[in-house]
Amino acid sequence: MADYEAPELSHLHPSVRDTARLPANERVELIRADRWIGYPRAVEVVARLETLLCWPDKQRMPNLLLIGPTNNGKSMIVEKFRRGHLPVTEADRENIPVLCVQMPSEPSVLRFYIALLAALGAPLQPRRRLADVEQISLKLLRSTGVRMLVIDFTDRDLCCS
Ligand SMILES: Nc1ncnc2c1ncn2[C@@H]1O[C@H](COP(=O)(O)OP(=O)(O)OP(=O)(O)O)[C@@H](O)[C@H]1O
Ligand SMILES: [Mg+2]
């Protein structure tokens, strides 16, 4: 069998040359995966989220509403920010600085708390009353040190609400 000849890749940026030499299936997988593009508006929003995360505790904490058409990159911005603040497992607890919750379709307060508990990794609470689920959620938010709660809606949720 003839020796495999590495293609001439001098036209590519050095940082991607190794990737271009990967086997075809690996390159296809990489092409299909999400990749963050830091366009100025998105970088600006991530910076605002960073500022909010560092906000000193006060009676009424500030918040941010991010609005844009569907497929506009809102969830990508949130995911980029979340990845910068991943949960840390400590000796006696999990520390979750940024908790992201996907608003359930046809939301109710109970379904929202159930989604929040799922995002916290809490076991399912079968047939619990709203007041109980609310209390458990607040307790877990405190014990896991959540500093920021991000609630992600899709366009469809807003249309239905
Ligand atoms: N910053 C980015 N870098 C790279 N790709 C992006 C970026 N923003 C958006 N995209 C691409 O656009 C797609 C849609 O983005 P995203 O899911 O964040 O939109 P959205 O605003 O949350 O939409 P919806 O309101 O429907 O939830 C992503 O799956 C991704 O492929
Ligand atoms: Mg989205």
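The values are calculated or read from the model by the stated rules, or taken from the named source; none is laboratory data. In this text the structure is predicted, and so the values were computed from the model without any measurement. Note: ideal-geometry Cβ built from the backbone for every residue, glycine included; neighbour counts use all protein chains shown. SASA here: full protein model, heavy atoms, side chains in, ligands and nucleic acids out. Shrake-Rupley method; radii C 1.70, N 1.55, O 1.52, S 1.80 Å.
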Checking 131, 42, 91 against a Gaussian network model of the chain (alpha-carbon springs below 10 Å), the top fluctuating residue turns out to be 91
Summing -39500 (n - 2.57) over every DSSP H run of at least 4 in the chain, dividing by its residue total and rounding to the nearest 500, the 222 nm mean residue ellipticity is -13000 deg cm²/dmol
If one takes the longest principal axis of the Cα atoms in the chain, at what angle in degrees, from 0 to 90 and to the nearest 10, does the Cα axis of helix 40-53 lie?
40 degrees
Heavy-atom accessible area of segment 35-159 with neighbours in place, 1.4 angstrom probe: carbon+sulfur share in percent works out to 57 percent
To the nearest 10 degrees, how steeply does helix 109-119 sit against the main Cα axis of the chain, on a 0 to 90 scale?
50 degrees
To the nearest 10 degrees, the tilt of helix 130-143 (Cα long axis) against the first principal axis of the alpha carbons of the chain is 60 degrees
With charges set only on the Cβ (+1 for Lys and Arg, -1 for Asp and Glu), what does the dipole of segment 35-159 come to about its Cα centre, in debye to the nearest 20?
60 debye
At 0.36 nm per residue, minus the direct Cα-Cα distance, what do residue 110 and residue 125 gain on full extension? Give it in nm, one decimal, please.
4.3 nm
Estimated FRET transfer efficiency when R0 is 45 angstrom, pair residue 135-residue 22 (beta carbons, to 0.05)
0.35
Averaged per residue, the 1.4 Å probe accessible area of segment 35-159, protein heavy atoms only, in Å², is roughly 70 Å²
Label-point separation, residue 142 to residue 66 (7 Å along Cα→Cβ), nm:
2.9 nm
Gain on full stretching of the segment that runs from residue 100 to residue 31 - 0.36 nm per residue minus C-alpha separation:
22.2 nm
